[in-house]
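The values are calculated or read from the model by the stated rules, or taken from the named source; none is laboratory data. In this text the structure is predicted, and so the values were computed from the model without any measurement. Cβ placement follows ideal geometry from the backbone for every residue including glycine, while neighbour counts extend to all protein chains displayed.
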């Protein structure tokens, strides 16, 4: 007999610690409204930085009052359709990128918010929305061209390894920064031109000695000292795109006492640009479709971290694992 209930994760209170903010709940599997589909999630992507900030109440564009749902991207199959739905059928594999739709076993959503895919495989979670963020940040915010020197931090992570490949496909020289020999080997497989393991080499020294003309485009997810170093090494008219700052997600922001940043930017006509996907949604669909085409054509390798996280109950462990920086590729949970 099939269960008529499912489990999901909610934030029951605001807290600096993700694990203490959340609770597991069990609900009845919903029936679809006329324009809805019900999806059985197979996999969900882990976004530890966003999860942590959300549970701390520090995501400025969405002020949520607990309890609220968690998780974003998921892939699964349609198990029920509303009477007005004609674009999807039961059994179709779909991907969704709705806040609150990820950390749960089932979801009922408007049919037009589900993207039909070939199969509900975890690799898709790296492309939607993670990879989509990479392509929009590089092209529409960073104004990536070809023949440039591009530096990508956390280059072996979920978004980083996609950014590395997109920069290479565009014809650029790519510097990948990472923190372990396992990640170095991954970046070698992705044909990264210069790999810097910051635990064994000084990033500042490498850039000073090997790239005297500076970096044209920086794609940074890390922050703190990495941010400072990369700003110092921007080229004339260099662009620095802030995609995240995972080094400070779990802690209070570091107070920095140093000369103001405009003194470093002005003389180079350089710029620092923040990137947040909700502010660039007009580019999302086209970027997503291009990524899927590259993936299905075998031109884009998608790395899913091999560590197994099984069930809704494992999500706190997955979040802490990602924050620890141990992952290679996208961290996912399987339902």
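Exactly one residue out of 126, 87 is within 30 Å of residue 168 (Cα to Cα) and either in contact (Cβ under 8 Å) with a residue 12 or more places away in the chain or crowded, with 21+ Cβ neighbours inside 10 Å (or both), and it is 126. Name, by its number, the condition in (1) buried (at least 16 other Cβ atoms within 10 Å of the Cβ); (2) modelled with pLDDT of 95 or more that does not hold for residue 223. Just one mismatch for residue 223, condition (2). Condition first: over 16 Å from residue 90 (Cβ atoms) and not in a helix (DSSP H, G or I). Now tell me which residues in region 103-118 satisfy that. Listed by number, the residues that qualify are 103, 104, 105, 110, 115, 118. Looking at the structure I just gave you, is residue 153 over 22 Å from the mean Cα position of the chain (by Cα) and at pLDDT 95 or above? The answer is no for residue 153.
Looking across region 158-173 at every residue that is crowded, with 24+ Cβ neighbours inside 10 Å and touching a strand residue (DSSP E or B) at 6+ places or on another chain (Cβ under 7 Å), the one that is farthest from residue 186 (Cα to Cα) is identified as 167. Of everything listed in (1) in contact (Cβ under 8 Å) with a residue 12 or more places away in the chain; (2) closer than 22 Å to residue 245 by Cα; (3) surrounded by fewer than 18 Cβ atoms within 10 Å (Cβ to Cβ), the single unmet condition for residue 112 is (2).
The single condition among (1) under 26 Å from residue 183 (Cβ atoms); (2) in a helix (DSSP H, G or I); (3) touching a helix residue (DSSP H, G or I) at 6+ places or on another chain (Cβ under 7 Å) that residue 280 does not satisfy is (1).
If a residue counts only when it is closer than 22 Å to residue 46 by Cβ, which strands (runs of 3 or more DSSP E) contained entirely in region 129-220 have at least 1 such residues?
Passing ranges, in order: 149-152, 173-178, 215-220.
Mind listing whichever residues of region 192-205 are farther than 16 Å from residue 159 by Cα and touching a helix residue (DSSP H, G or I) at 6+ places or on another chain (Cβ under 6 Å)?
From region 192-205, those farther than 16 Å from residue 159 by Cα are 193-205; that's our starting set.
Correct list: 195, 196, 197, 203, 204.
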